[in-house]
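Here's the structure we're looking at; comments come further down.
The values are calculated or read from the model by the stated rules, or taken from the named source; none is laboratory data. Quantities reported herein were computed from a predicted structural model and do not represent experimental measurements. Here the Cβ positions follow ideal geometry from the backbone for every residue, glycine too, while neighbour counts run over all protein chains shown. Side chains included, ligands, DNA and RNA excluded: accessible areas come from the protein's heavy atoms. Shrake-Rupley method; radii C 1.70, N 1.55, O 1.52, S 1.80 Å.
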Amino acid sequence: MAATNGSNGGPRDGRRRESLPSALVQIGALAVLLAGAVTYVVHRGQVRQQVDARMKTARLQAQRDNPADLRKALTELDALFQLDADARDARALAADVNMRLWLEHRQPEAEAKAREHLARAEALDSRSGERYGTRAMVLLAEGKAAEAEKYLEDLKTQGAKSPKLALAEAQALLARGRLSDARQAFARASEAAWREPRYTVAHGEALLDEGMYGQAAEALKKATAANADHLRARLSLALARLYQGTGREEATKTVSDVLAREAELTPALKARAHAVRAALALTEGTADEALKEAGEALAASPEEHHALFIRARALAQKKDASARTAFQEAVTKRRTATLLYLDGARALQQAGDGEGALALLDAYEAVFRDVQVPAPEGKTVGALERDDRYWLARGQVMEALARSEDAMAAYDRALAVKGVGMARAQYAKAALLLARKDYDAAQPLLTEVAPENGMGAMPEAYEAMGELLFAKGEFAKGCQYYFFGLSRAQLNGTPVDMLKGKATDVEKRLVTEGQPAMAKAWKTEAEALLQQ
């Protein structure tokens with residue numbers, strides 16, 4: 001029994017002696033594995049933190065939107081890709097930033113990088129707004145506006161929504177000539193991302209292209225509020241104000257400051273700066289200087305349509321026969337920019353090229369003829385049917401060409417719109433009737449735009465009513481309307497010498513009509529007004 005007990009106990013003790021070192025080895029191995037796992041997790045966490053930090057910095061830089069900021073964003077993203085080459089949203093952001101340098105700043109070398117990063121973002125299935133917005137903008141750059149619009153519509157049906165998609169949608173609608181829909185999309189984008197100047201700049205520049213100078217200036221001021229040093233916003237704001245006939249001193253200061261920062265300028269910014277200088281020269285009446293600056297702008301970037309437009313205006317101011325071709329070149333670069341057509345037609349008309357003005361308006365009609373816009377009760381109507389500015393411009397050109405009936409038909413179409421330009425159309429039709437000496441038909445139209453209380457906004461309407469009343473022998477009442485016209489013109493900033501000339505013309509007319517006493521009284525009242 002004792003032997004048995006000894007033999008039984010021996011092996012058990014051996015097994016215990018053998019299992020202890022084995023267990024210790026296993027524990028050691030497990031500890032090594034756990035330590036490795038902990039080290040790996042800690043490392044991955046540190047990498048993730050670094051990736052997130054660089055992504056945040058890159059986004060903040062990109063939001064500031066100047067070229068130098070965009071380059072800093074790309075530097076951060078390059079460092080990020082050293083940590084994680086498959087960071088899909090970072091790839092999408094890199095595609096977006098390069099796309100902006102390519103399309104907005106006219107740096108062609110950024111195109112390949114934009115496409116490369118976009119392909120990686122799509123392969124990694126990034127779901128960010130940058131991925132989808134960049135794809136839409138690439139489609140637009142390839143001339144596939146309809147395809148871009150459908151792409152964005154499909155995303156919307158899937159519930160996708162972001163400022164970048166709204167901005168891309170606005171650009172697609174703009175390319176298709178759907179200007180009112182584009183304005184709404186630009187507004188949605190800029191309202192959703194009001195801290196980022198990129199969106200309000202795009203909105204303001206679209207309004208500028210439509211000739212809506214006041215609204216453009218308001219949008220661009222919001223962009224400078226988001227980033228006071230946003231170079232494109234500052235330059236475009238200066239241009240909007242110059243088109244309004246104001247802001248010359250501020251524009252001079254802005255463009256000098258921007259051009260002094262040579263190292264920061266892209267071709268697009270340099271071109272816009274010289275376009276502002278060209279506009280300044282034009283307001284000062286130096287057409288040759290305007291042509292020189294416009295040439296500098298186009299040398300920096302041939303795509304600068306405002307430089308093409310200002311060059312054409314300078315040629316028209318010089319009554320150069322090539323002005324017509326210059327305007328046609330401008331509208332070819334930016335087909336849906338109404339400013340280029342309507343203001344261009346006016347400039348050609350003033351230069352004595354009525355046929356050139358009409359050709360420009362015909363080109364406008366060809367672009368917008370098939371565009372449909374929303375109408376009441378869920379219907380649509382042709383964009384031209386709602387375009388009172390176009391019909392008003394066409395009527396004025398027809399009138400200058402002595403095509404009175406065509407002019408009257410165009411004014412009637414402008415009136416039928418009942419839009420914001422209705423008062424201007426009423427005055428234009430009334431002036432045409434006045435030229436025909438159809439006083440009875442002209443008077444009701446003028447009464448609406450030149451009310452008897454003197455609160456109307458159009459000096460020329462009051463002058464027209466004064467002329468009408470003089471023609472009917474109502475001199476006292478006519479003087480009252482002429483006085484309102486003079487006063488309103490003074491409030492609008494008309495130069496004093498021009499106002500004095502108007503007052504003298506009325507005085508001479510009264511004398512000619514056998515009203516010397518009234519002429520004397522008129523002179524006294526007019527002089528008192530103009531001395532204020």
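Of note:
- Long-range neighbours under 9 Å by Cβ, at least six apart or interchain, first residue open to solvent by 60 Å² or more (accessible area, probe 1.4 Å) within region 154-165, second of a type in the set (D, E, K, R): Lys156/Glu169
- Cβ pairs under 6 Å, 6+ apart, first in region 335-361 and within 17 Å of Leu282 (Cβ to Cβ), second open to solvent by 10 Å² or more (accessible area, probe 1.4 Å) and not in a helix (DSSP H, G or I): Leu339/Gly211; Ala351/Lys319
- Number of positions in region 281-300 that are surrounded by fewer than 24 Cβ atoms within 10 Å (Cβ to Cβ) and in contact with a helix residue (DSSP H, G or I) (Cβ under 7 Å, 6 or more places away or on another chain): 9
- Val381, sole failed condition from (1) without any contact (Cβ under 8 Å) to a residue 40 or more places away in the chain; (2) outside any helix (DSSP H, G or I); (3) open to solvent by 70 Å² or more (accessible area, probe 1.4 Å): (3)
- Taking the criterion of being over 19 Å from Leu60 (Cα atoms) and either free of Cβ contacts under 8 Å to residues at least 12 places away in the same chain or open to solvent by 10 Å² or more (accessible area, probe 1.4 Å) (or both), the residues of region 174-197 that qualify are Leu174, Ala175, Arg176, Arg178, Leu179, Ser180, Asp181, Arg183, Gln184, Ala187, Arg188.
- Residue match in region 216-226 (condition: of a type in the set (Asp, Glu), within 17 Å of the chain's Cα centre (by Cα), modelled with pLDDT of 95 or more and surrounded by fewer than 24 Cβ atoms within 10 Å (Cβ to Cβ)): yes
- Residue within region 301-319 that is open to solvent by 10 Å² or more (accessible area, probe 1.4 Å), in contact with a Ser or Thr (Cβ under 6 Å, 6 or more places away or on another chain) and of a type in the set (A, V, I, L, M) present: yes
- Any hit, region 399-412, residues being closer than 22 Å to Ala457 by Cβ and outside any helix (DSSP H, G or I): no
- Gly514 fulfils the conditions (1) over 18 Å from Leu530 (Cβ atoms); (2) without any contact (Cβ under 8 Å) to a residue 24 or more places away in the chain; (3) surrounded by 16 or more Cβ atoms within 10 Å (Cβ to Cβ); (4) not acidic (Asp, Glu) except for a single criterion, (3).
- Verdict on Lys270 being crowded, with 20+ Cβ neighbours inside 10 Å and either in a helix (DSSP H, G or I) or without any contact (Cβ under 8 Å) to a residue 24 or more places away in the chain (or both): yes
- The residues of region 402-435 that are of a type outside the set (Phe, Trp, Tyr) and under 13 Å from Ala464 (Cβ atoms), listed by number, are Ala423, Arg424, Gln426, Ala428, Lys429, Ala430, Ala431, Leu432, Leu433, Leu434, Ala435.
- None of Leu265, Leu239, Leu235, Leu259 is modelled with pLDDT of 95 or more and in contact with a Lys or Arg (Cβ under 7 Å, 6 or more places away or on another chain) except Leu235.
- Residue check for Leu140: open to solvent by 30 Å² or more (accessible area, probe 1.4 Å) and either part of a loop (DSSP other than H, G, I, E, B) or modelled with pLDDT of 95 or more (or both): yes
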